[in-house]
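What follows is a set of notes on a single structure, which appears directly below.
The values are calculated or read from the model by the stated rules, or taken from the named source; none is laboratory data. As the structure is a prediction and not an experimental result, all values here were calculated from the model. Cβ atoms come from the backbone with ideal geometry, glycine included; neighbour counts cover every protein chain shown. Heads up: the accessible areas ignore ligands, DNA and RNA and are worked out on the full protein's heavy atoms, side chains in. Shrake-Rupley method; radii C 1.70, N 1.55, O 1.52, S 1.80 Å.
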Amino acid sequence: MRNLFTSEGNIGQEPTLKKQPIDGDMRHVLELNVKFNFDRLNKATGEYEDRGGFWAKVTLWGKRAETIFPLLKTGMRVLVVGEISQHNYVAESGERAGQLITATDVN
């Protein structure tokens with residue numbers, strides 16, 4: 001079963017492009033950290049209200065990754081369509097050290 005995800009968000013830090021060995025070939029892998037917000041416009045005040053959101057690591061593979069990498073910058077608004085998944089890990093450092101963290105990924 002696929003978990004299809006579609007949403008707009010903002011790139012939170014400079015994207016990285018790497019090469020990864022897959023089935024004997026070296027393939028490009030583009031990684032982005034994107035913040036997806038649930039802000040809504042309050043029609044009475046004309047202001048946007050923060051209703052939460054979440055960060056996700058977005059990964060793009062192959063020729064598309066190589067082609068789009070030079071176009072992406074921190075703060076840009078992007079439309080993300082892909083398969084979403086979550087995994088848990090225990091933070092090893094920082095203010096959340098020792099806590100169980102749920103990470104969200106979109107491929």
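Descriptive notes on the structure:
- N42 meets each of the listed conditions (1) open to solvent by less than 50 Å² (accessible area, probe 1.4 Å); (2) under 24 Å from S85 (Cβ atoms) apart from (2).
- Qualifying residue in the range 83-103 (condition: surrounded by 13 or more Cβ atoms within 10 Å (Cβ to Cβ), in contact (Cβ under 8 Å) with a residue 60 or more places away in the chain and within 18 Å of G9 (Cα to Cα)): yes
- Taken over the range 50-67, the residue count meeting the criterion of being among the β-branched types (V, I, T), assigned to a strand (DSSP E or B) and more than 13 Å from S7 (Cβ to Cβ) is 1.
- Every residue from the range 70-104 that is at pLDDT below 90 and in contact with a Lys or Arg (Cβ under 8 Å, 6 or more places away or on another chain): A103, T104
- Evaluation of Y48 against (1) at pLDDT 95 or above; (2) farther than 21 Å from N107 by Cβ; (3) touching a Lys or Arg at 6+ places or on another chain (Cβ under 8 Å) (one fails), failing number: (1)
- Total residues in the range 40-54, condition of a type outside the set (F, W, Y) and under 19 Å from G9 (Cα atoms): 8
- Enumeration of residues in the range 15-44 that are part of a loop (DSSP other than H, G, I, E, B), modelled with pLDDT of 90 or more and in contact with a strand residue (DSSP E or B) (Cβ under 9 Å, 6 or more places away or on another chain): P15
- For the range 68-107, filtering for residues that are part of a loop (DSSP other than H, G, I, E, B) and of a type in the set (V, I, T) leaves 1.
- The residue pairs whose first member lies in the range 46-57 and is exposed (fewer than 10 other Cβ atoms within 10 Å of the Cβ), whose second member is of a type outside the set (D, E) and part of a loop (DSSP other than H, G, I, E, B), and whose beta carbons are closer than 7 Å, counting only pairs six or more residues apart or on different chains, are R51/F38; G52/F38.
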